[in-house]
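S.K.: My questions all concern the structure below.
The values are calculated or read from the model by the stated rules, or taken from the named source; none is laboratory data. Worth saying up front: this structure is predicted, and the values here are computed from it rather than measured. Positions of Cβ are generated from backbone atoms using ideal geometry, with glycine treated the same way; all protein chains shown enter the neighbour counts.
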Amino acid sequence: MKEPKTLARTRGIALRVTADFVLVQAAMFIALTVAGVYSQVAGGYSPREYLNALRSYHLLVFTPLSLVFPLFYSLGGLYTRARSWTSPSRLWRGAVCAALSAGVVLLAGRLVPGSPGLPRSAALVFALLVIVAAPGVRLVKDTLFEEDSRSGSGPETVLVVGGAGYIGSILVRKLLQRKYRVRVLDNLIYGDSAIRDVLGHPRLEFQKGDCRNIKDVVKAMAGVRSVVHLAAIVGDPACDQDHQTAREINYAATRMMIEVAKGEKVGRFVFASSCSVYGASDEVMTEISEPCPISLYAATKVDSEEALLAAESETFHPTILRFATIFGLSPRPRFDLVVNLLTAKARQEGLITIFNGEQWRPFLHVHDAAEAIARVLGAPVELVGGEIYNIGDQRLNYTLTNISELIRTVFPRTRVEHMENTDRRSYRVSFDKVHSQLGFECSRDVKAGILELKQAFDEGAIVDYKHPLYSNVKYLEKHGTPRHNDETGAQVMAALANKPSSSRAAAAVA
């Protein structure tokens, strides 16, 4: 599959380069025509001789120099990353790349020995034309073709499985802002408060259901071409509450959804994985590093990844997103995440405990996690299909001691206790791939996340961070893991959960 994907990507880039090169030549032709007309009106020059000189400039000087345009456009990411950017960002960067290219070409044209140079009037017209053309053609393409190309009859419908959760509740809002139609499948184990205010949106369809129930999944995927799978028992302690249910929701349901998705002709399938699949390592981990899960949660993620990539075909394109350790405020707040929990303790109690402070972790704000998913959905399928991306930012690789120091900059009176325990997970992660291919960078750092949590406490939006609703493991301890609503579904899940994942999962929890 990789060779056809590469060829298709190369062909697409070649077409875009050719189109831009033709536009630049057309802009210069128009500019020279304007200059010729102006010279004839102003007088003082022989129009024929003047036009001959300008024609020589175009052919002998400008045409070779105009190769600067595709070079600068390429360096600016317009051929490799632009379709994953938001429209304002794409238009702005197109204009900036065009302006820089025009400036370089016009200046270099004056320095070429024997060059007649370009009149100021022609230079001004040319610069304005290319600065408008570069973003303009992309805007026209977005306006005329992008929405209809998704489904053939209007905005694409994206199914978000787990759309009422910590990441999903933010992603749903982002997709609605991007003019998608959104369908949410969620069993509302933690309630509907995170999406209650958008349930009446005209482009949102909500379906209460279980991702383990084949009838619910078939109904949810009908007519959908893109699926985002966020549903999971998240975190090591929560998975340890009930190993069987964790395997079913985190792995068996994925296997079942793959078959339903292929049957419903779903083209894109974006899967939320985790950087915890890397386990413990002193190396900087990349997407080609060997996963080494040391928990049931991580093992189920690796097994789901393998099932998805094995199912890739010409019509089914899975994308794996390995998220860094997430933090930050969401419509469904969580305080079982290290940054959020330590911030709450510092704010409410003035004391935090750091276990194994020299351990490394990559961190990622929950809004940036949702943004990464939206970027993947907007990127060319030939670019992201069948790929694994670490989602995060090099700048957010921290030790746990570093995190405590950041918290103390916001809460300077906080006391910090350092202790050791048996959790030896430590890993640093490279995010070069997602940055180079999709132009993704985190917009919020850890300190920004700490400050927004502080504000939520100060304004009374959060009162008791210890409430079970804010912690997956506490909630499951109190209410139990979600039960099956269908006996057939229970049998299907039991069969799928005990297939290939069992050996890896058993090793991870041994």
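S.K.: Quick one: how many residues across the stretch 348-395 are crowded, with 17+ Cβ neighbours inside 10 Å and free of Cβ contacts under 8 Å to residues at least 40 places away in the same chain?
M.R.: Counting residues in the stretch 348-395 that are crowded, with 17+ Cβ neighbours inside 10 Å and free of Cβ contacts under 8 Å to residues at least 40 places away in the same chain gives 0.
S.K.: Go through the stretch 389-411 and give me each residue that's among the small types (G, A, S) and within 11 Å of the chain's Cα centre (by Cα).
M.R.: Listed by number, the list holds a single entry, G392.
S.K.: So is V492 in a helix (DSSP H, G or I), assigned by TED's automatic domain parsing to the domain that holds F327 and within 24 Å of D186 (Cβ to Cβ) or not?
M.R.: yes
S.K.: Return the pair list, or none, for Cβ contacts closer than 8 Å from residues in the stretch 224-245 that are basic (K, R) to residues that are not in a loop (DSSP other than H, G, I, E, B), at least 6 apart or on different chains.
M.R.: Close Cβ pairs (under 8 Å, with a partner that is not in a loop (DSSP other than H, G, I, E, B)) amount to R225/R150; R225/S151; R225/T157; R225/R268.
S.K.: Also, quick follow-up: Out of curiosity, is G439 at pLDDT below 95, at positive phi, in the same structural domain as A311 (by TED's automatic domain parsing) and touching a Lys or Arg at 6+ places or on another chain (Cβ under 7 Å)?
M.R.: yes
S.K.: Do we find that A280 is of a type outside the set (S, T, Y) and buried (at least 16 other Cβ atoms within 10 Å of the Cβ) in this structure?
M.R.: no
S.K.: Restricting to the stretch 220-249, name every residue that is charged (D, E, K, R), surrounded by fewer than 20 Cβ atoms within 10 Å (Cβ to Cβ) and at pLDDT 90 or above.
M.R.: Scanning the stretch 220-249 gives a single hit, R225.
S.K.: Looking at (1) surrounded by fewer than 18 Cβ atoms within 10 Å (Cβ to Cβ); (2) touching a residue at least 12 places away in the same chain (Cβ under 8 Å), can you tell me which one A310 breaks?
M.R.: Checking A310 against (1) surrounded by fewer than 18 Cβ atoms within 10 Å (Cβ to Cβ); (2) touching a residue at least 12 places away in the same chain (Cβ under 8 Å), the one that fails is (2).
S.K.: Would you say F72 is over 21 Å from the mean Cα position of the chain (by Cα), of a type in the set (F, W, Y), assigned to a helix (DSSP H, G or I) and at pLDDT 80 or above?
M.R.: Considered against the rule, which asks whether it is over 21 Å from the mean Cα position of the chain (by Cα), of a type in the set (F, W, Y), assigned to a helix (DSSP H, G or I) and at pLDDT 80 or above, F72 comes out as yes.
S.K.: What single numbered condition from (1) buried (at least 18 other Cβ atoms within 10 Å of the Cβ); (2) in contact with a strand residue (DSSP E or B) (Cβ under 9 Å, 6 or more places away or on another chain) fails to hold for R408?
M.R.: It is condition (1) that R408 fails.
S.K.: For the stretch 321-354, how many residues meet the condition of being of a type in the set (S, T, N, Q) and either in contact with a strand residue (DSSP E or B) (Cβ under 7 Å, 6 or more places away or on another chain) or part of a strand (DSSP E or B) (or both)?
M.R.: Adding up the residues that qualify gives 3.
S.K.: Another question, if that's okay. Is at least one residue of the stretch 332-347 touching a residue at least 24 places away in the same chain (Cβ under 8 Å), surrounded by fewer than 22 Cβ atoms within 10 Å (Cβ to Cβ), in the same structural domain as Y190 (by TED's automatic domain parsing) and in contact with a Lys or Arg (Cβ under 7 Å, 6 or more places away or on another chain)?
M.R.: Looking through the stretch 332-347, at least one residue is touching a residue at least 24 places away in the same chain (Cβ under 8 Å), surrounded by fewer than 22 Cβ atoms within 10 Å (Cβ to Cβ), in the same structural domain as Y190 (by TED's automatic domain parsing) and in contact with a Lys or Arg (Cβ under 7 Å, 6 or more places away or on another chain).
S.K.: Sticking with this structure for a sec: Residues of the stretch 445-464 being in contact with a helix residue (DSSP H, G or I) (Cβ under 6 Å, 6 or more places away or on another chain) and in a loop (DSSP other than H, G, I, E, B), which ones?
M.R.: Listed by number, the list holds a single entry, I462.
S.K.: Do you know which of the residues in the stretch 1-39 that are modelled with pLDDT under 70 and exposed (fewer than 13 other Cβ atoms within 10 Å of the Cβ) is farthest from P135 (Cα to Cα)?
M.R.: M1
S.K.: Can you tell me which of G386, G357 is under 16 Å from the mean Cα position of the chain (by Cα) and part of a loop (DSSP other than H, G, I, E, B)?
M.R.: Matching residue, one of G386, G357: G386.
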